[in-house]
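Read-outs: derived from the displayed coordinates by stated rules, not from any lab. Everything numeric in this text was worked out from a predicted model, so none of it was measured. Note that we place each Cβ from the backbone using ideal geometry, even for glycine, and neighbour counts take in every protein chain shown.
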Amino acid sequence: MSANIRNFCIIAHIDHGKSTLADRLLEVTGTIEKRKMREQVLDSMELERERGITIKMTPVRMVYHPDETIDPSLLTVNEKSQKSKVNSQKSDSEQSYVLNLIDTPGHIDFAYEVSRALKAVEGAVLLVDATQGVQAQTLTTLQMARDAGLVIIPAVNKIDSPLARVPETKKEIALLLCCPENEILEVSGKTGAGVAELLRVIVERVPPPLQPQTRDSGFRAMVFDFQYSNHTGVIVFVRVQNGEVKKADSLTLIAGKQGFKPIDVGVFTPEQTQKEKLSEGEIGYLVTGIKEPGIARVGDTITSAVHALPALPGFELPSPVVWASVYPESQDDFNLLRQSLDRLRLSDSSFVHEEEASGLLGRGFRCGFLGMLHMEIITERLRREFNLAIVVTTPSITYEVVTKSAAAQGFGETRAGKRADASPERALASPRREIIYSAARFPSYGEIAEVYEPWVEARIITPPEYLGPLMPLLHEHEAFLKTTENFGENRNLLILEMPLRELMRGFFDDVKSASSGFASLSYEIQELRKADVVKLELLVAEEVVPAFSRVVSRRRVETEAEAAVEKLHKILPKQLFVTKIQAVALGRIMSSRTLRAMQKDVTGHLYGGDRTRKMKLWQQQKEGKKRLKEGGKVRIPPEVFLKMVQSG
Ligand code: GTP
């Protein structure tokens, strides 16, 4: 029954043209009529279209008619009529296929989404931009696809471009896959060249969904994504592994521990289209009616409540990499912020949030994100979709710290351990190590015995002429070069290890500018290693501002201190009194600047006359400022927090 189904995805380095190629596939298969076509039709989120990047993965089902007829039970009503129209013009020997494509995000922050998509398909089109050749993330996603046991179909894209280097790119791909060059397809997502051939090859090389090993009756499906609708609650996107599912069947989300009966069942054409049932090997959606956040999770298994099958392997929660706190500009919006975060989590299970309070900023949330782009997207969505004015603190990674007192005791109750059980810190904490994911909570230098931090293995692909400018960067970012390889005719692959902290300190941007944009970078998180880092705090009018705290390499502490004080001095508006801005680390002041007071002419209204009257007013002003200063309240506008977080 599933012999006519082909499930595949497109994997590539960012901007190599996945979404544009997907547009052509939709067009060639007649899934979307040409007149209704708009660019990158699968990128539906406003932010995706604006920035030209794919943030959410999007599944789409196409019916492809090279030959004969498909099993009618697999088709929707519209597809049946479309098929009969096409078939009336075709011979009996022609056959139709259901092709399920999952368009995946290209940015490294969303690698988890890609890994889930790969679990739902049997094949992957590896797309390489002919103007750029193989890039760092081509290697990372290829590795993931290979690990998932997928059939790889290599294709060179953008062959229409005058800058295309098709033969060189083919050589690189052949080297990478150890395959003959004539197996590599040539396509253009822009002009549609080679797209019909690509479809033919997908049907030929991608195997139909595997028949389940066990012939157990019962239904089982993997959740590879989900969405939330105000109206109907969570809509889970599933790949059916065993059996079939219909509306109102009794089902269970195994990890979510929640029973439900689907209100609706259907497929993506690309809009959600109702269908009587979903069968083995199919990709579609179930409308669950569940309205609580945190229950639906990517990677979970859904099975029949009556005849339950065991969970499918490989479920894991994505671990946040970057942490930052989000506060409402006005405390009146605190509840709105909570509701908005809950809402966002209904459609994006990969970020976490937990309430916290800070003296200066009031009540807010500590949030964990998959990377800097993910953080930017979530905070931007809070501003746009929920109209919230928010303050975001300096992002930080997690550190594991052994305090001197814990070391002295041999073990210790972690600070995390004192929190509620649900805390993500608790799940991660090893007995003696305290997990810190906010720089403001990082212990001061004197209290620390040892600190551990995550490292990454990074890959850079660069033309050789940029090796020179890149080398000092590696040193500056504490990276170790593990290997250098020649890659293709005119490129080098560098494999290096470095602390995640240093990668987050603008390494991406530095690599791009040192190589005039020609080098590409990809990374994977590795184990924790011992770190030599300290907390750097900023004081305004002798008061610590926790939102400005950061953890920095000890060898860079002075440079960082000076830069931070300088930056804050430049952007903090003058106060009514003289304000000191200081950076403190290692128990001493590393850098200090004084912000002059705002000048207010209190004697301006006096015209000529007795100087003693002016003296009296000046004296009063001086005393007033002194009182204000003693009160110590410096108002830091939200845009200052924002600018301090932004690099540069
Ligand atoms: P992410 O989803 O952000 O990873 O990007 P993507 O891989 O989906 O790439 P996208 O389809 O957004 O294309 C990136 C850029 O390349 C856009 O400016 C496209 O117009 C351009 N592009 C895509 N395909 C082709 C092609 O075949 N030829 C030419 N000349 N340009 C193309």
Per residue of region 543-552, in order, report the coupling 6.51 cos²θ - 1.76 cosθ + 1.60 (Karplus, θ = phi - 60°) as ³J(HN,Hα) in whole Hz, putting x for Gly and Pro.
10, 5, 9, x, 5, 9, 5, 8, 9, 10
Each residue of region 150-157 in turn: what ³J(HN,Hα) in whole Hz from Karplus with 6.51, -1.76, 1.60 and θ = phi - 60°, glycine and Pro shown as x?
7, 6, 9, 10, x, 8, 8, 10
Highest mean first, what order results for 539-546, 127-134, 257-264 on Cβ atoms within 10 Å?
127-134, 539-546, 257-264
Can you put R220, R433 in order of Cβ neighbours within 10 angstrom, beginning with the fewest?
R433, R220
D103 long-range amide H proximity, modeled H, under 5 Å:
T58, V60
Give me K246, K643 sorted ascending by neighbouring Cβ count inside 10 Å, so fewest comes first.
K246, K643
Exposure proxy order (Cβ contacts within 10 Å, fewest to most) of D300, D147:
D147, D300
For E280, other-chain or 5+-apart residues with amide H closer than 5 Å (H placed, Pro excluded) are G243
Quick one: 3J(HN,Hα) in Hz for region 454-467, Karplus 6.51/-1.76/1.60 with θ = phi - 60°, rounded, Gly and Pro as x.
x, 10, 10, 9, 10, 10, 10, 10, 8, x, x, 5, 9, 4
Percent antiparallel among DSSP beta bridges confined to region 322-392, nearest 5, equals 100 percent
The answer for Y228, listing residues at least 5 apart or on another chain whose modeled amide H is closer than 5 Å to its amide H, is I235
